[in-house]
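Q: Handing you a structure now.
The values are calculated or read from the model by the stated rules, or taken from the named source; none is laboratory data. All of these numbers come straight from a predicted model, not from anything done at the bench. Cβ placement follows ideal geometry from the backbone for every residue including glycine, while neighbour counts extend to all protein chains displayed. Heavy atoms of the whole protein, side chains included, go into the accessibility calculation; ligands, DNA and RNA do not. Shrake-Rupley method; radii C 1.70, N 1.55, O 1.52, S 1.80 Å.
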Amino acid sequence: MNDFSSMGLNEPIVSAIKKLGFKKPTEVQQKSIPLLIEKPKDIVSLAQTGTGKTAAFGLPILHHLNINSKTTQALIIAPTRELCLQITSELKKYSVNLKLNIVPVYGGSSIQEQSKSIRRGAEIIVATPGRILDMLKRKYVNISKIKFCVLDEADEMLNMGFYKDIKQILSNTPDSKKTWLFSATMPNEVSKIAEKFMKNPYRITVGEKNSTSTNVKHKSFFVNSRNRYNVLKLLIDSSPEIYAIIFCRTRRETQKICENLVEDGYNSGALHGDLSQNQRDLVMKSFRTKQIKILVATDVASRGIDVENITHIIHYKIPDEVEIYNHRSGRTGRASNTGLSIAFISSSDKQKIKRIENRLKIKIENSQLPDSKTIINSQINNYLKKIKDAKINSELETFFSSSENMLDEFSKSELLLKILSLKFDKKIVSPELNIEKNSKKNNEKDVRYKINLGIKDYYNWQNLKDFLTEIYSLHPGDIYNVDVQQSKSFFNSKQAHKKLIIEGIKNLDFNGRKISVTITNKRGQKDESSFSHRDQKKKRKSKKKYY
Ligand code: ADP
Ligand code: MG
């Protein structure tokens, strides 16, 4: 018996689910579907990505829908266009046996076209907050009769600064509707929404995905800002079958790493909020079809995206929040596959790692990097095996006969070496990438500087670092632990650059003010990559700007 049928779902839905091969409801589905079918009321549900939330809210909606009415009966709000499309496509699969019009609406695409689809009668609308609000203002949609409103990935929407938009959208909905909120984490803002807009909701919490802890192996490598990128290349090189997502913290970094990888001959694409919707769609399509094997992404842009058979998740920078780590890692080891989650860490990240291990009850094994020799050997063997297994294209034979003697002067091993040299023309990464856990040496010769530029001059750690690197013509790794405050900032650099840093900026003028750099005794605590609180707040305020 199909477990879904015992939940009281209508037959056409059950048979569609069966055809999809869903054998057993997931935990969140078990906990919400029967409740929402029997007596729909508001719910707040805490569950990670990949736990099957779409069906958890989608199936009850489909069950309750009046398919003889063209009125919009359900509104699902999600943070990004990708997610809207993903939800729509899932819902369409669940409702193949029903005659329905499920319409996704999102920015970056013609509002007229979307409104046309809605005019044909959309029982369900799946929307990003900005676009639905725009459509409400233009009276292209009517959500005054909806029975259900779903807020999917609520934490992310609030992170992106959509609180006001959501409030406004909800004010266009009837009091009688049921609100279903889904979120991976429960920060205060989400609780606030629950309190303010929901009536005595059921609360559902789904434990960490069991599969994650068993199917995903967690590892960490010590890196520093100089060798981080090389370690990445080395890891990619050592895994010929890699199909990976590399998570970065900022859009800039995401773009930069991807560009470097492409330049270095790796099949890679970037996904972040600076790209147009079309570019993002294209990248995702290439990634899904494996034309791109390495996706470099920010957390927000890739939120909720579900791609099968990912072999590696690489935390290029480790996130501050445990949930984000869990979220990222959960993208691999799906179904019965195994996956690797690899964190690049510096010694200042040790606390974070401990916290993640404790909270998620996992072990993150600190590992040594494979040395270049092992990697190159395995790559050569792999390639030779490919040559060995290659099917001969008979069409080539006629062309080949006329040039067959051209390489007569070379021995077999010379020829092979030549072929391999063509294939491996990238610079071979040196094996000295392992760094010691507590190598004090790295910190000993640091000097901490204070500079009279800060947030009020529109700096954050990233663009201040860029500014300094540029003005001193230094390598980005030479300026670190940048901490930007209201009217001053701090940063570290090596003793060797002391003269340059103090003297090099002396006569510089910033809007009529002399820039001054002095040595300070304050110690930089943070990793160069960490945002200051202010940065984060600022980023939250500028909505939609930081994914
Ligand atoms: P979430 O929204 O929690 O991230 P989704 O709803 O997108 O998760 O589901 C993730 C994937 O799992 C989708 O590909 C979906 O088709 C599949 N899925 C959902 N429920 C089940 C189930 N009961 N059995 C098998 N696969 C499922
Ligand atoms: Mg989802």
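Q: Which residues, taken from segment 456-469, are more than 15 Å from residue 511 (Cβ to Cβ) and either touching a residue at least 24 places away in the same chain (Cβ under 8 Å) or buried (at least 17 other Cβ atoms within 10 Å of the Cβ) (or both)?
A: Hits for segment 456-469 are 460, 461, 462, 464, 465, 468.
Q: Continuing with this model, one more query. Looking at (1) surrounded by fewer than 18 Cβ atoms within 10 Å (Cβ to Cβ); (2) more than 14 Å from the chain's Cα centre (by Cα); (3) within 13 Å of ligand 1 (Cβ to nearest atom), can you tell me which one residue 354 breaks?
A: Failing condition for residue 354: (3).
Q: With segment 203-320 as the region, which helices (runs of 4 or more DSSP H) entirely inside it contain at least 3 residues that are free of Cβ contacts under 8 Å to residues at least 40 places away in the same chain?
A: Once the helices (runs of 4 or more DSSP H) in segment 203-320 are filtered for at least 3 residues that are free of Cβ contacts under 8 Å to residues at least 40 places away in the same chain, what remains is 251-263, 277-288.
Q: I'm trying to understand the selection: among the residues of segment 9-39, which are at pLDDT below 90 and under 24 Å from residue 73 (Cα atoms)?
A: Matches in segment 9-39: 39 only.
Q: What single numbered condition from (1) open to solvent by 50 Å² or more (accessible area, probe 1.4 Å); (2) farther than 30 Å from residue 322 by Cβ; (3) assigned to a loop (DSSP other than H, G, I, E, B) fails to hold for residue 22?
A: (2)
Q: In addition: What about residue 49, is it within 11 Å of ligand 2 (Cβ to nearest atom) and either touching a residue at least 60 places away in the same chain (Cβ under 8 Å) or assigned to a loop (DSSP other than H, G, I, E, B) (or both)?
A: So residue 49 fits the description; yes.
Q: Right, next: Of all residues in segment 56-80 being within 15 Å of ligand 1 (Cβ to nearest atom) and in a helix (DSSP H, G or I), which is farthest from residue 120 (Cα to Cα)?
A: Going through the qualifying residues, I end up with 56.
Q: Looking at 62, 83, which one is among the aliphatic types (A, V, I, L, M), at pLDDT below 95 and either in the same structural domain as residue 281 (by TED's automatic domain parsing) or surrounded by 21 or more Cβ atoms within 10 Å (Cβ to Cβ) (or both)?
A: The match here is 83.
Q: Could you pull out the residue among 191, 117, 171, 183 that is within 16 Å of ligand 2 (Cβ to nearest atom) and of a type in the set (S, T, N, Q)?
A: Among 191, 117, 171, 183, only 183 is within 16 Å of ligand 2 (Cβ to nearest atom) and of a type in the set (S, T, N, Q).
Q: Right, here's the next one. Name the pairs whose Cβ atoms lie under 8 Å apart, with the first residue in segment 401-417 and within 19 Å of residue 388 (Cα to Cα) and not assigned by TED's automatic domain parsing to the domain that holds residue 380, the second of a type in the set (Val, Ile, Thr) and part of a helix (DSSP H, G or I), and 6 or more positions between them or separate chains?
A: Hits for this filter: zero, empty list.
Q: Across segment 87-97, what is the number of residues that are open to solvent by less than 30 Å² (accessible area, probe 1.4 Å) and in contact (Cβ under 8 Å) with a residue 40 or more places away in the chain?
A: Result for segment 87-97: 3.
Q: Checking the condition more than 16 Å from ligand 1 (Cβ to nearest atom), closer than 22 Å to residue 184 by Cβ, surrounded by fewer than 23 Cβ atoms within 10 Å (Cβ to Cβ) and touching a residue at least 40 places away in the same chain (Cβ under 8 Å), which residue from 169, 143 passes?
A: Among 169, 143, only 169 is more than 16 Å from ligand 1 (Cβ to nearest atom), closer than 22 Å to residue 184 by Cβ, surrounded by fewer than 23 Cβ atoms within 10 Å (Cβ to Cβ) and touching a residue at least 40 places away in the same chain (Cβ under 8 Å).
Q: Based on what the data block shows, is residue 392 open to solvent by 50 Å² or more (accessible area, probe 1.4 Å), more than 23 Å from residue 231 (Cβ to Cβ) and not in a helix (DSSP H, G or I)?
A: yes
Q: Just give me the residues in segment 98-116 being open to solvent by 50 Å² or more (accessible area, probe 1.4 Å), closer than 27 Å to residue 273 by Cβ and assigned to a loop (DSSP other than H, G, I, E, B), in sequence order.
A: Result: 108, 110.
Q: Between residues in segment 344-368 that are over 20 Å from residue 235 (Cα atoms) and residues that are in a helix (DSSP H, G or I) and open to solvent by 60 Å² or more (accessible area, probe 1.4 Å), which pairs lie under 8 Å by C-beta distance while being six or more apart or on different chains?
A: 360/213; 361/213; 362/213
Q: Let me ask something else about it. Where residues in segment 25-41 are under 28 Å from the mean Cα position of the chain (by Cα) and open to solvent by 20 Å² or more (accessible area, probe 1.4 Å), which of them is nearest to residue 180 (Cα to Cα)?
A: Applying the filter and picking the extreme gives 31.
Q: Can you tell me how many residues in segment 364-381 are open to solvent by 60 Å² or more (accessible area, probe 1.4 Å) and assigned to a helix (DSSP H, G or I)?
A: Within segment 364-381, residues that are open to solvent by 60 Å² or more (accessible area, probe 1.4 Å) and assigned to a helix (DSSP H, G or I) number 4.
Q: Test each condition in (1) crowded, with 18+ Cβ neighbours inside 10 Å; (2) modelled with pLDDT under 90 for residue 273 and report the one that comes out false.
A: All conditions pass for residue 273, except number (1).
Q: While we're on this one: Identify all residues within segment 209-242 that are modelled with pLDDT of 85 or more, more than 19 Å from residue 260 (Cβ to Cβ) and touching a helix residue (DSSP H, G or I) at 6+ places or on another chain (Cβ under 9 Å); write none if there are none.
A: Those that are modelled with pLDDT of 85 or more, more than 19 Å from residue 260 (Cβ to Cβ) and touching a helix residue (DSSP H, G or I) at 6+ places or on another chain (Cβ under 9 Å): 216, 218, 220, 222.
Q: Go through (1) β-branched (Val, Ile, Thr); (2) within 22 Å of the chain's Cα centre (by Cα); (3) open to solvent by 50 Å² or more (accessible area, probe 1.4 Å) and name the single condition residue 76 misses.
A: (3)
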